[in-house]
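I have placed the structure first, in the form of C-alpha coordinates, so that the comments after it can refer back to it.
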Amino acid sequence: IYYYYPGADSDLNYDFLELQGKATYDFDFATATLSLNYSPDNFGASDDAFYPRFTIAAPLPYNLTLNGWVGRQYVSDNAAFALPDYTDWGAGLSYTYETWSFCATYTGSSIDDDQCPNNCGHRFAFTITKTF
(Lines give C-alpha, C1' and ligand atoms only; values in the text may rest on other atoms or scores of the structure.)
Protein backbone atom coordinates (compact mmCIF):
# COMPACT_ATOMS: atom_id res chain seq x y z
CA ILE A 1 0.00 0.00 0.00
CA TYR A 2 1.44 3.37 -0.91
CA TYR A 3 0.08 6.53 0.70
CA TYR A 4 0.62 9.58 -1.46
CA TYR A 5 -0.30 13.14 -0.48
CA PRO A 6 -0.21 15.24 -3.68
CA GLY A 7 0.57 18.90 -3.08
CA ALA A 8 2.09 18.31 0.36
CA ASP A 9 5.55 19.75 0.95
CA SER A 10 8.04 16.91 0.47
CA ASP A 11 9.92 18.06 3.61
CA LEU A 12 6.92 16.87 5.68
CA ASN A 13 7.55 13.24 4.63
CA TYR A 14 3.86 12.40 4.43
CA ASP A 15 4.17 9.82 1.61
CA PHE A 16 5.05 6.29 2.72
CA LEU A 17 4.92 2.60 1.84
CA GLU A 18 3.14 0.02 4.01
CA LEU A 19 3.21 -3.76 3.64
CA GLN A 20 0.36 -5.97 4.85
CA GLY A 21 0.01 -9.66 5.56
CA LYS A 22 -3.08 -11.38 6.88
CA ALA A 23 -4.59 -14.75 7.66
CA THR A 24 -8.31 -15.51 7.82
CA TYR A 25 -10.14 -18.50 9.24
CA ASP A 26 -13.85 -19.29 8.83
CA PHE A 27 -15.37 -20.88 11.95
CA ASP A 28 -18.77 -21.29 10.19
CA PHE A 29 -20.48 -19.03 12.77
CA ALA A 30 -17.91 -16.22 12.33
CA THR A 31 -14.81 -15.33 10.33
CA ALA A 32 -11.67 -14.18 12.15
CA THR A 33 -8.78 -12.29 10.53
CA LEU A 34 -5.40 -11.45 11.99
CA SER A 35 -3.39 -8.89 10.03
CA LEU A 36 -0.07 -7.11 10.41
CA ASN A 37 0.89 -3.90 8.64
CA TYR A 38 4.51 -2.73 8.57
CA SER A 39 6.07 0.47 7.30
CA PRO A 40 9.87 0.89 7.23
CA ASP A 41 9.53 4.70 7.00
CA ASN A 42 6.13 5.69 8.35
CA PHE A 43 4.16 8.95 8.01
CA GLY A 44 6.11 12.08 8.91
CA ALA A 45 9.46 10.24 8.90
CA SER A 46 8.51 8.48 12.15
CA ASP A 47 10.66 5.42 11.25
CA ASP A 48 9.38 1.84 11.63
CA ALA A 49 5.71 1.30 12.38
CA PHE A 50 3.73 -1.88 13.11
CA TYR A 51 -0.03 -2.30 13.24
CA PRO A 52 -1.39 -5.73 14.29
CA ARG A 53 -5.18 -6.04 14.07
CA PHE A 54 -7.74 -8.70 14.95
CA THR A 55 -11.08 -8.59 13.12
CA ILE A 56 -14.18 -10.74 13.49
CA ALA A 57 -17.30 -10.84 11.33
CA ALA A 58 -20.43 -12.84 12.19
CA PRO A 59 -23.20 -13.28 9.64
CA LEU A 60 -26.74 -12.67 10.90
CA PRO A 61 -30.13 -13.31 9.29
CA TYR A 62 -31.50 -10.93 6.63
CA ASN A 63 -28.11 -10.24 4.97
CA LEU A 64 -26.78 -8.52 8.08
CA THR A 65 -23.25 -8.91 9.42
CA LEU A 66 -21.99 -7.95 12.87
CA ASN A 67 -18.31 -7.02 12.83
CA GLY A 68 -15.67 -5.69 15.13
CA TRP A 69 -11.94 -5.18 15.47
CA VAL A 70 -9.16 -4.14 17.78
CA GLY A 71 -5.72 -2.97 16.62
CA ARG A 72 -2.58 -1.47 18.11
CA GLN A 73 -0.34 1.13 16.40
CA TYR A 74 3.35 1.00 17.34
CA VAL A 75 5.63 3.73 15.97
CA SER A 76 9.40 3.95 16.55
CA ASP A 77 9.57 7.75 16.67
CA ASN A 78 6.43 8.92 18.49
CA ALA A 79 7.66 12.53 18.58
CA ALA A 80 7.86 12.66 14.76
CA PHE A 81 4.49 10.87 14.51
CA ALA A 82 3.05 13.39 17.01
CA LEU A 83 1.10 10.69 18.88
CA PRO A 84 1.94 7.94 21.38
CA ASP A 85 1.39 4.29 20.50
CA TYR A 86 -2.34 3.62 20.73
CA THR A 87 -5.08 1.02 20.53
CA ASP A 88 -8.06 1.49 18.24
CA TRP A 89 -11.27 -0.48 18.03
CA GLY A 90 -14.62 -0.53 16.32
CA ALA A 91 -17.91 -2.37 16.04
CA GLY A 92 -20.49 -2.21 13.33
CA LEU A 93 -23.46 -3.67 11.56
CA SER A 94 -23.63 -4.03 7.80
CA TYR A 95 -26.40 -4.91 5.39
CA THR A 96 -25.80 -6.31 1.90
CA TYR A 97 -28.25 -5.98 -0.96
CA GLU A 98 -27.09 -7.43 -4.29
CA THR A 99 -23.86 -5.49 -5.06
CA TRP A 100 -24.43 -2.80 -2.42
CA SER A 101 -23.25 -2.75 1.17
CA PHE A 102 -24.42 -0.34 3.88
CA CYS A 103 -22.44 -0.21 7.10
CA ALA A 104 -22.86 1.71 10.36
CA THR A 105 -19.75 1.65 12.57
CA TYR A 106 -18.73 3.12 15.91
CA THR A 107 -14.96 3.53 16.41
CA GLY A 108 -12.69 4.72 19.17
CA SER A 109 -9.11 4.82 20.36
CA SER A 110 -7.04 5.02 23.52
CA ILE A 111 -5.78 8.50 22.58
CA ASP A 112 -6.83 11.19 25.08
CA ASP A 113 -8.49 14.37 23.81
CA ASP A 114 -5.59 16.45 25.14
CA GLN A 115 -3.15 14.41 23.00
CA CYS A 116 -5.19 14.87 19.84
CA PRO A 117 -8.01 17.41 20.26
CA ASN A 118 -9.18 17.55 16.63
CA ASN A 119 -9.47 14.10 15.06
CA CYS A 120 -8.91 11.20 17.44
CA GLY A 121 -12.13 10.95 19.42
CA HIS A 122 -14.79 8.29 19.17
CA ARG A 123 -16.78 8.47 15.97
CA PHE A 124 -19.86 7.09 14.30
CA ALA A 125 -19.59 6.48 10.54
CA PHE A 126 -21.94 5.29 7.85
CA THR A 127 -20.58 3.96 4.54
CA ILE A 128 -22.12 2.83 1.30
CA THR A 129 -20.10 0.52 -0.96
CA LYS A 130 -20.87 -0.68 -4.50
CA THR A 131 -19.07 -3.71 -5.93
CA PHE A 132 -18.52 -3.89 -9.69
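The values are calculated or read from the model by the stated rules, or taken from the named source; none is laboratory data. Note that this is a predicted model, so its numbers are computed, not measured. Methodologically, a virtual Cβ is constructed for each residue, glycine included, from the backbone with ideal geometry; neighbour enumeration extends over all protein chains shown. SASA here: full protein model, heavy atoms, side chains in, ligands and nucleic acids out. Shrake-Rupley method; radii C 1.70, N 1.55, O 1.52, S 1.80 Å.
Taking only protein heavy atoms and a 1.4 Å probe, what accessible area per residue, in Å², does the chain have with all protein chains in place?
Result: 67 Å² of accessible area for each residue.
Length gain on complete extension for the stretch residue 36 to residue 15, per 0.36 nm per residue less the alpha carbon to alpha carbon distance?
Taking 0.36 nm per residue and subtracting the Cα distance, the gain is 5.6 nm.
Spin-label point model (7 Å from Cα, Cβ direction): what's the residue 128 to residue 116 distance in nm?
Here the modelled spin labels are 2.8 nm apart.
Can you compute 3J(HN,Hα) from phi for each residue in the stretch 68-74, using the Karplus curve 6.51 cos²θ - 1.76 cosθ + 1.60 with θ = phi - 60°, rounded to whole Hz and x for Gly and Pro?
Using θ = phi - 60°, the values come out as x, 7, 9, x, 9, 8, 10 Hz.
What part of the accessible area of the chain, given as a whole %, is carbon or sulfur when the probe is 1.4 angstrom?
59
Based on DSSP H runs of at least 4 residues, each adding -39500 (n - 2.57), what is the mean residue ellipticity at 222 nm of the chain after dividing by all its residues, to the nearest 500 deg cm²/dmol?
-500 deg cm²/dmol
Under the definition of Cα pairs under 8 Å and six or more residues apart, what whole-number percent is the relative contact order of the chain? Numbers along the way, then the final one.
Numbers: 301 pairs, mean separation 18.9, N = 132.
Taking the mean separation of contacting Cα pairs over the length of the chain, I get 14 percent.
Return the single residue from 61, 52, 40 with maximal mean-square fluctuation; model: Gaussian network over the chain, springs between Cα atoms under 10 Å.
61
Could you compute the FRET efficiency for residue 4 and residue 56, with r as their C-beta to C-beta distance and R0 at 30 Å, rounded to 0.05? Display every interim value, and only then the final one.
Details: r = 31 Å, r/R0 = 1.04.
E(calc), rounded to 0.05, equals 0.45.
Lys/Arg Cβ at +1, Asp/Glu Cβ at -1, dipole of the chain taken about the Cα centre: which of 29, 131, 121 is farthest positive-ward?
29
Tell me, which cysteines of the chain are without a disulfide-compatible partner by the Cβ under 4.7 Å rule?
103
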